[in-house]
1. Which residues, counting only those in segment 275-298, are touching a residue at least 12 places away in the same chain (Cβ under 8 Å) and basic (K, R)?
2. Considering only residues that are under 30 Å from L294 (Cα atoms) and charged (D, E, K, R), which ones fall in segment 24-68?
3. Quick one: which strands (runs of 3 or more DSSP E) sit completely within segment 1-80 and have at least 3 residues that are more than 16 Å from the ligand (Cβ to nearest atom)?
4. Identify all residues within segment 109-136 that are within 15 Å of the ligand (Cβ to nearest atom) and either within 22 Å of P242 (Cα to Cα) or surrounded by fewer than 17 Cβ atoms within 10 Å (Cβ to Cβ) (or both); write none if there are none.
5. Could you figure out which of (1) under 25 Å from I207 (Cα atoms); (2) surrounded by fewer than 24 Cβ atoms within 10 Å (Cβ to Cβ); (3) touching a helix residue (DSSP H, G or I) at 6+ places or on another chain (Cβ under 8 Å) isn't true of E70?
6. Would you check which residues across segment 81-102 are buried (at least 19 other Cβ atoms within 10 Å of the Cβ), more than 9 Å from the ligand (Cβ to nearest atom) and outside any loop (DSSP other than H, G, I, E, B) and list them?
7. Among (1) modelled with pLDDT of 95 or more; (2) in contact with a Gly (Cβ under 8 Å, 6 or more places away or on another chain); (3) among the β-branched types (V, I, T), there is one condition T241 misses while meeting the rest; what is its number?
8. Looking at segment 145-173 only, could you name the residues that are at pLDDT 90 or above, of a type outside the set (S, T, Y) and not in a loop (DSSP other than H, G, I, E, B)?
Amino acid sequence: MDTAYVITGPTSGIGHATALDLAAYGTVVLVGRNSGKLDDVRAAIGRKGGRAVSIVCDMADLASVRRAAEQILALPYTVAGVLNNAGVMRPQTTKSIDGFDMTFATNYLGPFALTDALTPHLPDGANLVYISSAIEDPDRRPAQVMGMRGGQFISVGASAEGQWRAGGSKMPGIDAYATSKQCILAAAMGFARENPRLRFNTVEPGITPGTGLGGVNNPLLVFLFSQVITRLPPFSRYRSTPKRSARTITQVLTDSSDKTGVYFDEKGKPMHGSALAHDPSFQHRLLAETREFLASRS
Ligand SMILES: NC(=O)c1ccc[n+]([C@@H]2O[C@H](COP(=O)([O-])OP(=O)(O)OC[C@H]3O[C@@H](n4cnc5c(N)ncnc54)[C@H](OP(=O)(O)O)[C@@H]3O)[C@@H](O)[C@H]2O)c1
């Protein structure tokens with residue numbers, strides 16, 4: 001059977017660049033919520049001589065995620081890797097179709113549900129990769145400078161309700177984003193420990209301007225952030241581009257070594273996330289609590 005790589009969120013930014021790179025390694029399974037945009041990515045891959053198939057899925061909708069998992073497993077391919085890239089960071093908070101915080105549902109609950117639906121059926125050595133963000137770490141300097149305070153986790157249920165620990169960011173939506181990224185990083189490390197048959201790694205793609213992330217429509221603010229602020233310390237050290245981030249992510253996703261439970265930076269070097277994300281007892285609690293939460297909602 002042909003080899004395939006699954007990617008969520010291939011229709012924009014880092015995911016779009018990564019989907020094009022992945023075409024060199026096998027059939028690309030494009031998982032996105034907009035069929036027109038998926039058609040465009042499939043055509044772009046075709047123009048490069050690659051092959052892709054599309055699966056329409058809203059990562060914030062748990063029923064849609066479960067349907068997508070069934071469709072992926074029904075494909076006539078050997079799935080060598082799954083990249084959980086789709087993500088949102090919104091200035092304002094909104095609710096998902098299931099009534100959960102939209103950011104937490106998209107960035108954490110959806111990828112978690114997809115992982116648990118796929119993993120029993122993936123071949124030995126398959127590589128699952130997650131995209132976190134340095135914003136999850138309260139001690140990360142650039143995030144602190146921007147007024148971010150890291151993940152503000154209370155419980156899975158509270159996060160789904162859009163409730164965060166006191167003392168977080170003053171920007172609505174940022175605590176949701178930081179917490180969702182802290183949870184996905186901790187969960188990936190927990191998956192790695194409980195499932196040595198497969199590999200679970202996480203990438204921090206760096207500060208990558210020019211993508212759709214952030215939902216900011218003010219052209220002046222976008223220009224200032226992407227062309228001025230991110231070129232200055234302490235941001236410049238972590239600055240990346242969608243193409244560069246895609247190269248690193250593709251390398252991690254297609255790597256055939258046994259590395260698992262590793263958190264990579266934008267250059268592909270191992271990095272440290274927040275103390276909480278690295279704490280095995282937190283990882284263990286998170287996996288159990290999330291499974292209980294998802295089971296009670298299915
Ligand atoms: N850019 C950065 O500086 C940066 C830094 C750290 C981490 N990240 C992470 O990198 C990943 C990619 O972000 P990006 O910067 O490339 O942003 P982007 O250009 O906005 O891309 C986000 C992708 O996720 C998809 N998506 C969003 N919500 C979805 C949903 N409910 N269901 C299915 N797909 C959905 C989008 O689809 P549509 O095209 O349909 O909107 C798009 O393809 C995200 O996980 C982000 O958190 C980015």
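The values are calculated or read from the model by the stated rules, or taken from the named source; none is laboratory data. Here the structure is a predicted model, which means the values were calculated and not measured. Cβ sites come from the backbone with ideal geometry, for glycine too, and all protein chains shown count toward neighbours.
1. Passing the criteria: R291, R297.
2. R33, K37, D58, D61, R66, R67
3. 2-8
4. Within segment 109-136, P111, L128, V129, Y130, I131, S132, S133, A134, I135, E136 qualify.
5. Only one criterion is unmet by E70, namely (1).
6. Selection gives G81, V82, L83, D101.
7. If we test T241 against (1) modelled with pLDDT of 95 or more; (2) in contact with a Gly (Cβ under 8 Å, 6 or more places away or on another chain); (3) among the β-branched types (V, I, T), just (1) comes out false.
8. Listed by number, the residues that qualify are V156, G157, A158, A160.
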